[in-house]
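What follows is a single structure, written as structure tokens, with notes after it.
Laboratory data are not the source of any read-out in this text; all were calculated from the coordinates shown. It should be emphasised that the depicted structure is a prediction, and the values quoted were computed from it without experimental measurement. In this analysis, Cβ positions are derived from the backbone assuming ideal geometry, glycine residues included, and neighbour counts consider all displayed protein chains.
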Amino acid sequence: MAGQNEIGRMDAVTLAAKVKKKELSASEVTEATLARMDKLEPHIHAFCTPTPDVARKAAAEVDRKIKAGEDPGVLAGVPVGIKDLVCTKGIVTASGSFAYEKFVPDEDDVVVERLKDAGAIVIGKTNVPEFGYSGVGHNPVFATTRNPWNLDLTPGGSSGGSGAAVAAGLGPFAIGSDGGGSIRIPAAHSGVVGVKASMGRVPLYPGTKDERYPGVSSWESLEHIGPLSRTVADSALMLSVISGPDSRDRYSLPKADFDWMSILEGGIKGLKVAYSLNWGGYAPTDPEVRRVVTDAVKVFERDLGCAVEEAHPGFEDPYGAFWALVAMETDLKGMREIVAKHGHHMTPHLVDFIMRPWAAEDFTNALMTRKAVVNKMWRFMKKYDLLLTPTLAVPPFPVHIQGPEKIDGQIVHPFRWLNFTFPFNLTGQPAASVPAGFTKDKLPVGLQIVGRHLDDQTVMRAAAAFEKAKPWRDAWPPLLEKLGL
């Protein structure tokens, strides 16, 4: 019989198989995970709302189905954390804000419905910055989420709790959402896999869609929901469950014409691969990040047989346009009412953003910039199968700031470390972050793998090939050994 620590280090594919074969029960897996949470949560604060009673009840139902000979689902007994911007029926969804501190949705998000139907066990809600308007893991309501690799540092965000949970083995995967990088950011800073599938692959509702929820409902043409996991296969497994059309999301795509698990097979020999470390000059990158990502890029040529060259798409810096699109898709009227009531204990940069006197020209200029970026990217990707970049411009940095104000000697805006992620929320292209390696200070660095429009297959196959060439699944934060985990 597997011990608690062994269960905590199992991937989702293995766990589901063992539960279905009755080598483990869903209840055993759940209890092992909850025991692990008891030891780790005082240190990392990945979960703002743990749900042990909900988890135990769901696990018992999976065990009942197996005993009765019923199909328990593809994810039978696998623990999963749900980002606290994603609605969960009967479970508080606070979104890191006092405005929603006691908000209990009356319906599940589509992805939560699908995970539950597949037999996954919801173990809690994972922490976020207020309404997700940040790339870090602290908010005014809950304890600050810490990076398991170094507790003084952020795990990234806005899916920070999900990234920290997966990095520490509090479930093999978790749900994140990504409006400007918020799956890929914590994947990079926490040393795990994060996948932003093509826009529309995974439907979103009620998050971003429901006018009843100012703050929660926003970013419709930018937002994606997807997995953070320890392995590429686990991300593919989750995507096989949560992807596919739904009438509640007008952007949702028809069912994929491929199998998420099968596309991981085979190599990527012969592919044409571009890489950019600075977008051609305007995006400074930390020297340690450059070193680690450069070494990772060499793997694609040396070990995976790709034709690799440095090349840049050539779009002009879309930073201002991105934030204008965020504002355009925010319920400014509803959010300003929230600021009027709760502004004295809201995140300052968020209040400033909401109360800024946005003009119609800001929004139309942003739309034109998005069109220009999309056109630059499709033309660029006609020449290449994949584009590789650093996921983030910097390694993990201290908690309670929004970002470094200096990168590679240049003074920058505190959000400029996100230069490599948000362009692909403008284009909707598939993009994954995988662990590239570690800095000299033993901090994780992410490699971003970007594919052509709707070409999730190549992104996932490349991620799996890189994982095989440079495996990371046995790299665990030193904190676990210190705690006997």
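The DSSP beta bridges internal to the chain are antiparallel in roughly 65% of cases. With the convex hull of the Cα atoms taken as the outline of the chain, the averaged projected area works out to 20.7 nm². Relative contact order of the chain, taken over Cα pairs closer than 8 Å and 6 or more residues apart, is 16 percent.
Note on segment 233-310: Kirkwood radius taken over Cα pairs, Stokes-Einstein applied at 37 °C and 0.692 mPa s, translational D equal to 208 µm² s⁻¹.
In the chain, helical runs assigned H by DSSP with n ≥ 4 each contribute -39500 (n - 2.57); averaged across all residues and rounded to the nearest 500, the mean residue ellipticity at 222 nm is -11000 deg cm²/dmol.
The per residue volume of the convex hull around the alpha-carbon atoms of segment 271-334 is 136 Å³. Long-range amide H contacts for CYS48: which residues qualify at under 5 Å (H placed 1.01 Å from N, peptide plane, sequence gap of 5 or more or a different chain)? Those lying under 5 Å, H to H, from CYS48 are LYS125, THR126, ASN127. The P(r) of segment 165-225 has a tail past 15 Å containing 52 percent of all C-alpha pairs. The H on the amide N of SER218, modeled in the peptide plane, is under 5 Å from the matching H of THR208, LYS209, each at least 5 residues off or on a different chain.
Compactness of segment 115-251 was expressed as the Cα radius of gyration divided by 2.2 N^0.38 Å, which yields 0.99. Counting every pair of alpha carbons in segment 261-400, the share spaced more than 26 Å apart comes to 47 percent. Sorted ascending by nearby beta carbons within 10 Å, beginning with the fewest, THR144, THR231 become THR144, THR231. Using a simple spin-label model with pseudo-atoms 7 Å out from Cα toward Cβ, ASP441 and LYS406 lie 1.4 nm apart. The Rg/Rh ratio of segment 1-136, with both radii computed over alpha carbons and Rh defined as the Kirkwood radius, is 0.99. Going by neighbour counts of Cβ atoms within 10 Å, the residues MET460, MET368, MET335 line up, fewest first, as MET368, MET335, MET460. Here the peptides 63-72, 444-453 are ranked by packing, the mean other Cβ count within 10 Å, and the order with the highest first is 444-453, 63-72. Considering only HIS45, LEU85, ALA59, the residue lying farthest towards the positive end of the dipole of segment 1-93 is ALA59, judged by Cα position with unit charges set on Cβ. Spin-label model, GLN4/THR364: points 7 Å from Cα along the beta carbon direction are separated by 6.2 nm. Using a basic spin-label model with each label point 7 Å from the Cα along Cα→Cβ, how many nm lie between HIS349 and HIS453? Once both label points are built, they end up 3.2 nm from each other.
Magnitude of the charge dipole for the chain, about its Cα centre and with charges confined to Cβ atoms of Lys, Arg (+1) and Asp, Glu (-1), is about 620 debye.
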